Structures are given as C-alpha cells and as structure tokens.
1. State the number of residues belonging to the range 159-203 that are basic (Lys, Arg) and under 22 Å from Leu149 (Cα atoms).
2. Looking at (1) at pLDDT 85 or above; (2) under 24 Å from Asp84 (Cα atoms); (3) loosely packed, with under 14 Cβ neighbours inside 10 Å, which is the one condition that is false for Thr102?
3. Would you point out which residue out of Arg365, Arg337, Arg310 is surrounded by fewer than 18 Cβ atoms within 10 Å (Cβ to Cβ), modelled with pLDDT of 80 or more and either closer than 30 Å to Ile290 by Cα or of a type in the set (D, E, K, R) (or both)?
4. Just checking, how many residues over the range 139-182 are buried (at least 20 other Cβ atoms within 10 Å of the Cβ) and aromatic (Phe, Trp, Tyr)?
5. Restricting attention to the range 411-437, report how many residues are within 21 Å of Tyr319 (Cβ to Cβ) and surrounded by fewer than 17 Cβ atoms within 10 Å (Cβ to Cβ).
6. List pairs: first residue in the range 174-199 and under 30 Å from Leu135 (Cβ atoms), second residue modelled with pLDDT under 90 and among the aromatic types (Phe, Trp, Tyr) anywhere in the structure, Cβ distance under 8 angstrom, at least six positions apart or on different chains.
7. If Gln374 passes every condition in (1) surrounded by 14 or more Cβ atoms within 10 Å (Cβ to Cβ); (2) modelled with pLDDT of 80 or more; (3) out of contact with any strand residue (DSSP E or B) (no Cβ under 6 Å at 6 or more places or on another chain) but one, which one does it miss?
8. State yes or no: is Leu234 within 30 Å of Val412 (Cβ to Cβ), at pLDDT below 85 and not polar (S, T, N, Q)?
Amino acid sequence: MLREHAFFWRTCFIASDLGVSAAAFLLAYALRFHPALAGWLADPREVPPFEAYLHTLPAVCGILLVTNSYFRLYQARRISKFSDELVDLLKSDAMAILLLMTFFFLNREFSYSRSIIAIFAVLNPLVVFLFRFALRTGLRLLRSRGYNLRSVLIVGTGRSAQALLHRLRRNTWTGMRVVGFVSASRERSGTTIHGVPVVGAAEDISRVLEEHPANQVFIALPLGDRARLVESVLQQLADSLVAVRIVPDLGYLLEQNVTTDFDGLPIVNLWENHLTGANVLTKRALDLGIATVALVVLGPLMAAIAAAIRLTSGRPIFYLQARMGHDGRVFPMLKFRTMRSGSEDDTRFTQPDDDRCTRLGRFLRRTSLDELPQLLNVLAGQMSLVGPRPERPVFIESFRKTLPRYMLRHKVKAGMTGWAQVNGWRGATSPKKRLQYDLYYLHNWSLGFDLKILLMTLLRGWTQKNAY
C-alpha cells in the first residue's frame with residue numbers, strides 16, 4: 001500500500017527521527033542549567049546564550065544523519081528485533097558524540113559545555129528509542145489488523161518454505177501476506193499447500209510476478225534445488241523492483257543455531273554449546289546449592305522410603321544402573337529399587353501394570369520419588385539438576401542409528417529433570433520428540449531456563465501419566 005510513496009515516508013521518518021534528537025539536544029541544555037540540576041554540577045559564571053546551541057542544531061543533525069545511516073538505522077526493519085535496533089542506536093550515538101565533541105573542539109568561536117554533551121549522550125538514545133519503539137509498536141498493531149501489508153511470494157515448497165509460511169502467519173505484526181508458492185518444478189503448479197496456492201514454477205518467476213504482483217520474494221529452496229535454480233531466479237528478478245531474501249536451508253543443521261559475523265563474513269555455529277566457561281561454574285553452583293538443601297530437607301522422607309522398601313521387599317534398597325552422561329561417559333545412576341530382584345537384565349521399557357514392579361515401586365515411579373537418590377549423583381558431579389534424562393547404553397546404540405543428532409544431547413550433563421520431562425515426554429514416549437526437546441534445551445540454555453524447568457517440575461513434573 002505504501003510502496004509508491006516509500007521515498008516520501010522514509011524522508012518523513014528521517015526528519016522525525018532527527019527532530020527527536022534535536023529536541024533531546026535542546027532538552028539537555030535546559031536540564032544543564034535548570035536550578036534543580038545546577039547544584040549537582042559546577043555552576044557556570046553565567047548561563048550561555050540559548051542561541052549559541054540552537055545554531056549548532058544543523059551540525060548535530062548532520063552528524064546523526066551520517067552515523068545513523070552508517071549503522072543502517074534508516075533501513076526497513078519490519079522483521080528485526082527491538083533489541084537489535086537498540087544496539088545499533090547505541091553504537092550510532094557513541095560515534096556521534098565523538099564527532100560532536102570534535103566539532104565543538106574545533107569551533108573556537110564559543111566554549112560549549114561538556115556537561116550538555118554528557119547529558120545528551122544519555123538522553124538521545126533513550127528518547128529516540130522510545131520514539132522508535134512507539135512508532136514500530138503502532139505499525140505492528142496496524143499490520144496485525146490488515147493495514148500496511150506487503151505481499152510475499154515464496155520460492156520453494158519444502159520444509160523451509162512451509163516453516164516460513166507458518167512463521168509469517170503466526171507473526172501477523174510483520175504485515176507480510178503470502179500470496180503464493182513458486183515450486184521448483186511445474187508439476188506442482190495448481191495445487192495448494194496449507195491453503196496457499198502454488199502459482200507457478202521457479203523457471204517462470206518473471207511471468208508469475210506479472211500475474212501475482214508481490215513486494216517481496218523469499219527463496220526457500222532445498223539444497224538440491226538451490227544450486228540449480230537460485231541463479232536462474234535471481235537473474236530473472238534482477239530486472240524487477242521486488243525485494244529478494246534467501247532463507248538458508250541446510251536441513252536440520254540450522255535449527256536453533258546462531259550466526260556470528262566475523263569481519264563481515266557470516267559464520268553459522270552448528271553445534272554450539274552454551275555451557276562453557278563461567279556458565280559451567282554458574283550451573284554447578286546452582287546444582288550444589290539446591291542439591292545440598294534438598295538432601296537436608298528431604299532426608300527424613302528418603303529415610304522413610306528406604307525403610308518402606310526394606311520392610312515390603314527386602315534388600316537391596318537402592319538400585320544402581322549404568323547410564324550414559326556428559327561426553328558419552330557411563331556412570332552408575334542411583335535410584336530407589338522399584339522392581340523385584342532379578343529384573344535388572346530385562347531391557348524392556350516399563351509398561352502400565354508392569355509385573356516387574358512392586359506395589360510400592362509403582363507408587364514411587366508414578367510420583368518420581370524413586371529419583372531422589374540421584375541428588376547424590378548431582379553432588380558427585382555425574383549429573384545436573386536439569387538436563388536431558390540419561391539413557392541406558394543398550395538403548396542408545398539403537399537410538400543413535402535411527403535418530404540423527406541423538407548423541408548431541410550428551411554435550412551437557414544428564415539431569416534429574418529436563419525440558420522434555422516437564423512437557424510430558426518421559427517414559428515410553430516418542431524418542432524423537434524427547435530428542436527435539438533435549439536439543440532445544442541444549443541450544444537455548446540459560447540459568448533462567450534451568451530455574452523455569454525446576455519450578456515447572458515442582459508444580460507439575462513429579463506425577464505424570466507416562467511415569468510407570
């Protein structure tokens with residue numbers, strides 16, 4: 001809707017943005033010499049004339065125009081994050097302040113107050129970001145209600161293309177409306193995918209654009225088709241004014257990964273582990289602190305459970321089972337014994353009404369109380385409070401052959417509870433779904449995430465229908 005007037009609206013935005021900065025500069029002058037603030041700063045012999053600072057506004061705005069343009073603050077940021085814009089805004093402000101101080105130093109006709117520059121350095125990014133935040137929030141609200149929309153064609157029909165469709169539908173604030181898919185081959189033309197028509201083939205993208213005008217084209221082709229078709233698509237689109245974006249598709253390799261800019265070269269971190277350096281110490285401190293307190297508080301309960309096992313089914317009270325943990329190391333995981341003696345060699349997953357379980361054992365497994373001795377594994381450093389649940393080596397040999405990336409879950413310590421478990425994926429459930437949740441945890445770890453999982457475990461993670 002605004003494409004024909006893009007230059008006009010962009011000019012208005014730049015003028016408004018610089019106008020806010022100019023107002024911030026004048027406000028810095030007013031604050032510096034306001035009686036309430038003057039007492040905190042060195043009082044000048046006389047208040048400098050307001051006109052002297054008013055005359056510098058063209059230089060201030062000119063410098064900000066250069067720095068803001070350098071950090072691409074006037075480019076369209078329809079799908080970018082507010083935090084990214086704030087970082088660029090701070091960088092621009094820092095560079096602008098250095099240039100502004102240089103300008104004032106070279107201008108010998110008047111002695112400008114350094115306090116004003118300091119106030120402006122703090123005030124400008126704050127008020128400009130608030131202005132931009134309000135503007136973008138208003139635009140997102142309008143777009144989510146059907147205004148200021150952009151029409152989109154997606155070249156590709158595979159997983160990446162469909163994932164892009166779902167994300168654009170979910171994030172209506174982008175104002176991007178998918179009008180059609182463009183397939184890698186002509187055979188799929190005329191079909192629909194999730195209610196969106198396949199309007200043509202990539203080889204005919206020029207004709208497709210004429211019949212289905214779009215503001216943006218997203219190329220989301222699989223690797224096999226990409227090498228053959230991307231160059232052809234880009235050559236055809238070179239004569240159009242449509243914006244073109246490429247969705248990287250390396251299959252599962254790019255899920256949840258981070259791109260690092262190395263001197264202008266984007267580098268994808270495929271298997272990045274966030275648990276390194278200080279993060280390891282932080283997580284270990286959390287484990288030691290909570291596990292120690294838990295053992296003290298739950299000690300009487302654990303003693304009662306041990307006595308009940310001894311009275312109902314004799315010895316042994318504890319059960320040691322080999323599990324695979326961090327870096328593929330096998331360790332003895334400690335549990336209260338819940339099965340009859342002699343069941344250790346049975347490698348079946350437990351089932352409802354499993355005849356191997358004792359009556360007390362079924363209760364302990366259902367409530368996860370049989371897991372409490374693993375607090376000792378945590379203190380010994382073999383496990384963590386939160387992490388992927390450790391699996392038996394005999395099962396891992398099977399899973400690693402059928403589930404790609406399964407061994408990645410061993411890049412962190414195994415946990416007493418985990419993201420998969422608090423979401424209901426425990427016991428005899430889908431190994432694939434458990435792996436998806438484990439890898440999500442691996443790639444999104446933070447101390448806050450661990451605390452969230454622990455809280456969810458306390459609220460709903462102990463008793464679940466899949467625990468038997």
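1. Total satisfying the criteria: 4.
2. (2)
3. Selected residue: Arg310, the only one of Arg365, Arg337, Arg310 that is surrounded by fewer than 18 Cβ atoms within 10 Å (Cβ to Cβ), modelled with pLDDT of 80 or more and either closer than 30 Å to Ile290 by Cα or of a type in the set (D, E, K, R) (or both).
4. Residues in the range 139-182 being buried (at least 20 other Cβ atoms within 10 Å of the Cβ) and aromatic (Phe, Trp, Tyr): 1 in total.
5. 1
6. Gly175/Tyr147
7. If we test Gln374 against (1) surrounded by 14 or more Cβ atoms within 10 Å (Cβ to Cβ); (2) modelled with pLDDT of 80 or more; (3) out of contact with any strand residue (DSSP E or B) (no Cβ under 6 Å at 6 or more places or on another chain), just (3) comes out false.
8. No, not satisfied.
The values are calculated or read from the model by the stated rules, or taken from the named source; none is laboratory data. Model, not experiment: these values are computed from the prediction. We place every Cβ from the backbone using ideal geometry, glycine too, and count neighbours over all the protein chains shown.
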